[in-house]
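Each value in this text was obtained by applying a stated rule to the coordinates, not by laboratory testing. Only a predicted model underlies this, so the values are computations on that prediction, with no experimental measurement involved. Here the Cβ is made from the backbone with ideal geometry for all residues, glycine too, and neighbour counts use every protein chain on show.
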Amino acid sequence: MNRNDLRDAARRDALRMLSRGALAGAGAATGWTAAVRSARAQAPASSGTSAGDSSGTSLSTSPRASPAPRVVRVASGLEHPWSLAFLPDGRMLVTERPGRLRVVSLAGRLSKPLDGVPKVYAQGQGGLLDVVLAPDFETSSALFLSYAEPVDGGARTAVARAEFVDGPTPALRAVTRIWAQKDASTGGNHFGSRIVFARDGTMFVTMGDRYSHRDRVQQLDNHFGKIVRIRADGSAPDDNPFVRREGALPDIWAYGCRNVQGAALNPATGELWTDEHGPQGGDEVNIVRAGANYGWPVITYGKEYVTGFTIGEGTERPDVTPPLWQWTPSIAPSGLAFYLGHRFPEWRGDAFVGSLKFRLLSRLSIADNRVVQEERLLQDLRQRVRDVRASCDELLYLLTDEDDGSLLRLEPGAPS
């Protein structure tokens, strides 16, 4: 096998891990970093307006345009699909927000809803949300679901572990809720929620402020507007940043978030990247670090709905981590993924964010761990892009959040 073959094999292995949403162990981390550097070295140089101020925030949307992809509909008939996970054989698991989990075959056929899915609070933005395979799925068959859990007093974001039972009639068994927000709330808004495995096998879970509890986001005695880091059994690791702070919840990793609906591990650095909804303006992309405060609702680019009044104190403060990128007006960002393939060489090392409001796919060009440019793709799609994932066949897959939602695949070539 020559050097090019070895490089391509390493890239395929890395992509396979990304499609499962799991990066576990030092060996995987080393492979990812090497593959990303190799991909970037072969990618054409970026052009266009660079990022704006010293914080890395920018509103530039003028990079060199990449060739338009061909959009292939893999499956349709999904009711508000929310998340996508690739099984080892290439089939896909798809959540539907009303509370269904289905298997999508390689030919695009939908299975019947799997038995065993937890009961969900399917109102407003609530319901069945993320699905992620465990890093050891091929031996354990374990997966994790985030969802809005109905409880006395309303609903809360929760995470369940389950065993995937394959066969003619796939199902879930041994379903156990491993973690839930401390407090429930009425209403159907701002549950988050994405699950991302870190390289050390712990998992991040993103949440929202539940809309009516933004005044509690800066406090560490609750889970509103927080990102937590937990073990696979739901317990808090001893090295979390607030474990020894009196009055703080030990599972909190970061805080000051409004509603985080996109999250992925950067394969080059192993850091957690997220996107979150602002109110009227101020959608953000952030690198989430231990103990960091991301400002909401004290520091934000967003304005109040209807009135346009200023929220909080302003757009920056020394103790608040500024966004890597922010959108004003809001695009309503959702799924987030990094692309490492070579079938779209212009996209190597870039991040992709789905837009619910403008119904498009945002490509974010990255250099030196900063977002430097944005390109808006699929502006004629006219469907809300809820999730975006990179697969082991080096393509991107999207879910559209509609009553009759679709699973789409982006391939090189002219639009169909």
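For K357 and D89 in the same chain, what is the full-extension length gain: residue separation times 0.36 nm, less their Cα-Cα distance, in nm?
93.1 nm
Per-residue HN-Hα couplings for the stretch 228-245, Karplus 6.51 cos²θ - 1.76 cosθ + 1.60 at θ = phi - 60°, whole Hz, x for Gly and Pro?
Each residue's phi maps through the Karplus curve to give 10, 10, 9, 7, 5, 9, x, 7, 8, x, 5, 9, 5, x, 10, 4, 9, 8 Hz.
Taking the mean number of other Cβ atoms within 10 Å as a proxy for protection, how do you rank 283-290, 187-194, 151-158 from highest to lowest?
187-194, 283-290, 151-158
Work out how much length R343 to T169 would gain on full extension: take 0.36 nm times their residue separation and subtract the Cα-Cα distance, in nm to one decimal.
Between R343 and T169, full extension yields an extra 59.2 nm.
Pop out the ³J(HN,Hα) list for the stretch 293-306 in order, Karplus 6.51 cos²θ - 1.76 cosθ + 1.60 with θ = phi - 60°, rounded to Hz; leave Gly and Pro as x.
10, 9, x, 4, x, 7, 10, 6, 8, x, 10, 5, 4, 6
Can you pull the one-decimal nm distance between simple spin-label points at N369 and D403, each 7 Å off the Cα toward Cβ?
Taking the two extended label points, one gets 4.7 nm.
Collect residues whose amide H, placed 1.01 Å from N in the peptide plane, falls under 5 Å from the amide H of R70; neighbours closer than 5 in sequence don't count.
For R70, whose amide H was placed from the backbone, the distant partners under 5 Å are E411, G413.
Ranked highest first by average number of other Cβ atoms within 10 Å, how do 352-364, 233-245, 99-111, 134-146 line up?
352-364, 134-146, 99-111, 233-245
Can you tell me which aspartates and glutamates have their Cα less than 15 Å from the Cα of K182? Leave out same-chain residues fewer than eight positions away.
E149, D152, D209, D221, D251
Expected output is a single nm value to one decimal: the length gained when fully extending between V72 and I178, i.e. 0.36 nm times separation in residues minus the C-alpha distance. What is it?
The V72-I178 span can extend by a further 34.5 nm.
Check cross-link reach from K357 to the lysines: straight Cα distance under 24 Å, and skip same-chain residues fewer than eight apart.
K226, K303
Across all directions of projection, what mean area in square nanometres is found for the Cα convex hull of the stretch 72-133?
One quarter of the hull surface, i.e. the mean projection, equals 4.4 nm².
I need the per residue convex hull volume for the stretch 65-180, using only the alpha carbons, in cubic angstrom as a whole number.
Measuring per residue, one finds 144 Å³ for the Cα hull of the stretch 65-180.
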